[in-house]
Every structure is written in structure tokens, then in C-alpha cells.
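Every read-out reported here was derived from the displayed coordinates using simple, explicitly stated rules and does not represent laboratory data. These figures come from a predicted structure and were not determined experimentally. Cβ: placed from backbone, ideal geometry, glycine included. Neighbour counts: every protein chain shown.
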């Protein structure tokens, strides 16, 4: 190949009088054209002589390069510029393949070696050998631990399937659409929120409403084989009223009992924000010197998520929500003679209008001091907390208050299971492994439930394990067992830092008070705090004072129409 002199390079440069991109005639250097390229191309091999053959073997399909799958491969469109006609004496030339051929079976295109355990084909993927259990062959003793998703030497991390790396990332939808007249005031990522901390006191009880039935202890026993309890659908009146519509909170606000008001389900979502993956939103109403943490009608906060923190999380929130409510009502012994009655009746129940009996539910309004030494005035928050049942103290002390929740089993063989074990075969023998997997896949949900129990000063949490009768049908469910956890100990197991949660609450409150420092005393300001659906970011928006009122009116009309249809 001839060498190119410096004079030739200078001559190839554009003249001083020229400006702008060179013409097509200038793209020549000593008669040799150069291949076009893109700035987004990644530098790889200097030359890949097998690229053409690979494309031909794959049916002419262009090669993919991870995240650059939609970009043209460097030089793929210009290979014809450098094609050379083969000489006649080279037509008979061939390369002898002297590589050893393997006699091992391979599974799929490019897959690793797979062997089958003893027996037929009834086994599952995550079984350890046994009847029909498939295993992926590997070296060393860590192979069995690999199949059990507990990791081993060199086998830690998520188990990837065929072309998992090439799957497009799921785009989640926001819980509420941002309107053009909303103004974004601040954006903060989770890494900053996780550094906040505030030690809050235990709190004090202000008042209590409702009643509690006693928990049915028979659910704590292991179910008899082939005689599992079916989950029933009970018609009971249960309420989940938001903060500003709670008559008790309105009365406490008028008496200036605190500055901030919230319910435990809303406050727990804010305190556990850094664990959330799905989008959610909280409406903040600043009226005078009072701040109310509120929610919209039909907000996503009311839904119970399923495997939110797992890869390819399923969308079964409606089913999980119904299961949790039904199990809490079914796991008590209803008796008018034996129940715990609080100081006041249920504040949301109207005997003249309701036809269904009340569900076992106790509301405890508790006050927490979130003030600092530098505060000129005390800063307190009142929270409406909930408990679901009562239980006799084993040593004869006062009755214990329980929070009852339910975990629903997602198909362990389906995408999105997050490596969950089969509850029917593993719940009795490996209960610790089952709950550990649930703490990983449902970190946000379990953290919220634990925070709610601590806010209510509950003595224990009853976690029911509910599974489908038929994995393909969402109509029938059975209760496989119940686990008892103490809220504080459970928080320690899942590394739940309540001080961080209180720090997030105090930071949001300070931000809202600073925004409205110069507003009149009777002014009403409204804000929306939204979790980004696809990023670990919170955004604070200023919205009109009349925002979401149309949604509330529409919900009232829908309820009225449903009542007319029922009549």
C-alpha cells in the first residue's frame, strides 16, 4: 500500500475560502473513499471478518449491540466500497476446521448445557433434581444453591434467561396526569431522602372509636392437608375515609390540637417513599396554619401491590386488595357478647342508611411530636391509625391489638415471581425462606404495613398466606397459613428505619410552610407530591385550590348510580 505524504494531506484539506461541510467530491483521499460512521458507535474490533457470514447465517438480519440495537453497525452500509474480486487461483482455497466437536446437548440457541433429573417431566425449574427437575449444569458445589436462587460462589445475582438483556424496559404510567396549569416547585431524588433522620417520640393516644372482634386462633395452626380454608367474601361495612373528610380530624383541627393531620395509610406511604417503585401521589392542603396530608378519590395508595420490588412485577393489585380486606374480616370470631368496644362508636357508620353490619375495626387518633429544639413553637402531627382485631394476653394482661394483613401467592413459575418458592410445599418446612423472599419482592408493601402497626402501637401483625385454588383463575383462594410478627422486630428484620421516615415527613412539612410564609392567614393552598413512575424521584407541584373537585363529584355520582341499580 502506498504511503501518503504530508503534502497530499495538506492538499486534501479545504481551502481557506471554503466554509461548511465538504462536498461529495472532497470525500476522497488519494482516490480512496472513507466509510461513514456515527458518533454513537462504540469502538470494538479493528476488523470483523465474520460479520458478513453472521448476518447471512441469521437470515440477513443486522447484528444487535445491546442498547444500540436501533443504530446502524459501523461500516455495515459501506462494505461494498472495499470489496475485492477474488482471484481465479483462490477459488479452490478452503480452511480446514480442526476444532473438536462436543457431544453434549445444548438447550436453545446459544444456551448452556442442560441435563434432566430422574423421572418424567413434571418437575419445576427451581426444584433441586428430583422428579423431572431441570437444572442448569455448572462447575463446583454452588450449583444446587444456584437453582434455589440463594446464590453460590460465582453464581450470585439475578438469573438471566434467553436474551433478557435485550428486553425493553417497562414504562410505567403515572398515578395522576400532570396538568398544564400545575407548577413544579421542587424535585428530589431518593438518595437525598434516604439521608434524612428525625427521632420521634412514641406518641400519645387522644381518643379511640369503633370496636374489635377477637382473633380466631385456629388460623395459627397449620392447615390439615386436603382440608384448606377457603377465603370467603363477606359483606361488611368498612371505611377508608381521607383526612379532610374525617369528622374527628376536623374537630381536632378546630381545637388547635396539632399543626399537621394525616391518616396512617397516607403517612406510611410518605415515610416509606424510598422503597417504592410504582407511582403514587399525595395531596397536601395548607389551610391557614394547618397542613392536611390528603389523597384523591380512587388513589393508588389504597391498592395493595404485588411483587412491586421484583423484576417484571405483575399487575394484580385489585386482586391483592380484595384478598387483604376479606382475610382481615374472616380471621375474627364475630360475637356481640365477646368484643372490645372503644370509647366512641365508629365515626363513619350511619345506622339509618347502612344495611350491612360493621366490620371489626378500631380507630385510634394519636399525636406525635416532630418538633426540633430550634423551633419557636411546637410542631405536632395527629394520625388516625387502625387496628383490626383483639387477642387475649397469654399471661392475663390487657387485651392485645392486632393488625391483620394478607400476602397473596403469585405463580412461582410465571415471570415476575421474583424467585418466590412454592408455598404449598415450602411454607411449612422453609417458612423463613418464604418470608425472606417476600421481604425482598414486597419491600414497600411490608414496610408500609409495619409502619402502620407501629403508628397504631399494635402488639402484633398477623400475616396470612393466601394462594389461588387454580393458578390461572383469580376467583377462588385458600388460606395456607398465618405468621405472627412483632412490629418493632419485623422492622429490624427488613432494615426499616423509622427515623428516616419521620425525617422525610418533617422535611415536606417545612417546605410547605416556607412556601406559604407570606400568605394570608385564611388562604388555602393545595399541592401534589408525586412519585415519578420510572425514576426514583419525588416532585412537588403547586395546583389550583379547586383541583380534583371534579373527580370527587364524579365519584359521588357513580356511587349514587350504583345505589339506584342495587335498589
Listing 321, 546, 450 by rising number of other beta-carbon atoms within 10 angstrom, fewest first, gives 546, 321, 450
Distance between Cα centroids, region 251-311 to region 447-489: provide it in whole Å.
21
Would you list 360, 197, 473 from fewest to most Cβ contacts within 10 Å?
473, 197, 360
